1. In nm, what is the difference between 0.36 nm times the number of residues separating His112 and Tyr138 and their Cα-Cα distance?
2. Rolling a 1.4 angstrom probe over the protein heavy atoms, how many square angstrom per residue are accessible across the chain?
3. Which FRET efficiency, nearest 0.05, do Val217 and Asp58 yield, Cβ-Cβ r, R0 41 Å?
4. Which residue, Ile210, Ile68, Ile98, has the most motion in a Gaussian network model of the chain that connects Cα atoms within less than 10 Å?
5. Do me a favour and compute the ellipsoid semi-axes for the chain from its Cα gyration tensor, root of five times each eigenvalue, largest one first, whole Å.
6. Under the rule that an exposed site lies in a DSSP loop and has at most 13 other Cβ atoms within 10 Å, name the longest stretch of the chain with no GluC sites (Glu not before Pro) of that kind, not counting the sites themselves.
7. Checking the table Lys43/Lys130; Lys101/Lys187; Lys136/Lys266; Lys51/Lys266; Lys81/Lys263 against a 27 Å threshold on Cα-Cα, which pairs fail?
8. Over the range 58-117, what is the relative contact order in whole percent, taking alpha-carbon pairs under 8 Å and six or more residues apart?
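The values are calculated or read from the model by the stated rules, or taken from the named source; none is laboratory data. Treat the numbers as computed from the prediction; the structure is a model and nothing was measured. Cβ sites come from the backbone with ideal geometry, for glycine too, and all protein chains shown count toward neighbours. In case anyone asks, the SASA skips ligands and DNA or RNA and just uses the protein heavy atoms, side chains included. Shrake-Rupley method; radii C 1.70, N 1.55, O 1.52, S 1.80 Å.
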Amino acid sequence: MIKVGIIGCGTIGQELALACQRRFSDEVTLLALDDQEPSHAKKLQQKLRPKPQIFPVDELIGRCDLIIESASKQAAYEIAKKALSIGKDVMVMSVGGILGKEKELFDLARTHRCCLYLPSGGVVGIDGLKAARVGKIYRVTLTTRKPPHGFDDAPYVLKHKINLKNLKEEKVLFEGNAAAAVKGFPKNINVSATLSVAGLGAQRTKVRIIACPHMLVNVHELYVQGDFGSFYTRSENFPAEQNPKTSRLAIFSAVATLERILKNVKIGT
Ligand SMILES: NC(=O)c1ccc[n+]([C@@H]2O[C@H](COP(=O)([O-])OP(=O)(O)OC[C@H]3O[C@@H](n4cnc5c(N)ncnc54)[C@H](O)[C@@H]3O)[C@@H](O)[C@H]2O)c1
C-alpha cells in the first residue's frame with residue numbers, strides 16, 4: 001500500500017482524499033493531512049474513514065510515500081523540494097509555484113530516484129505538446145476565458161485597479177508570457193505553468209486572459225505550432241462548486257494522475 005499525504009485540504013485536496021478512500025482503497029492508504037488552516041484539515045478529517053492523522057508538513061513528508069500538494073503557489077516549491085530531497089514522490093497542483101525552479105526539482109527527482117507529477121489540469125493537449133517537443137516547437141499560445149468573479153482577487157487586477165463589476169462585454173485583462181501571467185494571476189493560470197514546463201518554457205509561452213461576463217464555464221484554448229504541423233484544443237470547464245477559480249476537469253485530472261501512478265497500464269503520451 002502506498003502511503004499518501006495531502007497538504008492543502010481545500011477543493012482539490014478533499015476530492016483527492018475521497019478518491020484515495022473510495023476509488024483507490026486497494027492501492028493506497030490515506031495516512032496524513034495538513035493545512036495551514038487547522039479547521040480545514042479537521043473538517044476534511046471528519047469526512048474520512050478511517051481517519052487520517054493531521055501532521056505538520058515535515059512530519060507528513062517523512063511518514064508518506066506520495067505527497068500531494070494542493071495548497072498554494074507559495075507553498076509548492078518548498079514542499080516539492082523537501083519531498084524529493086528525501087526520495088519521496090510528489091504531485092504538485094500549484095505548478096505556478098515551481099516555475100523557474102523546475103530544473104532544480106527535476107535534478108532532485110533524478111538524483112533521489114523519485115517522481116515529480118504535474119497533472120494537466122483544465123487544459124487539453126499536453127499529450128500533443130510533449131510529443132511535439134521531440135521535434136521543434138515554434139509557438140505555444142494559451143487563451144483563457146473565465147467569468148469576471150474568478151479574477152477578483154488576482155494581484156494583476158488589484159495592481160491595475162481593473163474594475164470587473166458590471167462588465168457588459170468580454171475584456172482582455174492580460175497579454176504576455178507565462179512567467180508574468182503566473183505572477184499576476186497565481187490562482188487562475190496554473191495551466192500556463194504546466195504548459196511552459198512541458199513545452200517552450202515560461203518566457204516563450206504566450207498567454208491571454210479574458211474576463212467574460214455571462215459566461216458560466218472556464219474556457220482554455222491552446223494553439224501549438226511546430227515542425228510536426230499544428231494543433232488547437234478548446235476545453236469548456238464547469239467551475240468547481242466550492243472554488244470558481246478551479247475547474248472541475250482540473251480536479252478530475254488530479255484524480256486521473258493518481259490513477260496513472262497506481263496502474264500498470266499508462267495510456268497516452
Ligand atoms: N494545476 C492545475 O491545473 C490547477 C487547477 C486548479 C487549481 N490549482 C491550484 O491548486 C491549489 C489548490 O486549489 P484548490 O481549488 O483546492 O484551492 P482551495 O482554496 O479550495 O484550497 C486550498 C487549501 O490549501 C490551504 N493552504 C493554503 N496555503 C497553504 C500552505 N502553505 N500550507 C498548507 N495549506 C495551505 C488552504 O487553507 C485551503 O484549505 C491552488 O494553488 C490552485 O491554484 C491548480
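1. Working: separation 26, 0.36 × 26 = 9.36 nm, distance 3.33 nm.
Between His112 and Tyr138, full extension yields 6.0 nm more.
2. Numbers: 13330 Å² over 269 residues.
It amounts to 50 Å² per residue over the chain.
3. Numbers: r = 39 Å, r/R0 = 0.96.
So, using R0 = 41 Å, E works out to roughly 0.55.
4. For the chain, modelled as a Gaussian network with Cα springs under 10 Å, the answer is Ile210.
5. Details: eigenvalues 177, 103, 56 Å².
Semi-axes (√(5λ), whole Å): 30, 23, 17.
6. On the way: sites that count: Glu169, Glu241.
Answer from the scan: 1-168.
7. Details: Lys43/Lys130 38 Å; Lys101/Lys187 18 Å; Lys136/Lys266 25 Å; Lys51/Lys266 30 Å; Lys81/Lys263 25 Å.
Violating the 27 Å limit, Cα to Cα: Lys43/Lys130; Lys51/Lys266.
8. On the way: 95 pairs, mean separation 21.6, N = 60.
Relative contact order, the range 58-117: 36 percent.
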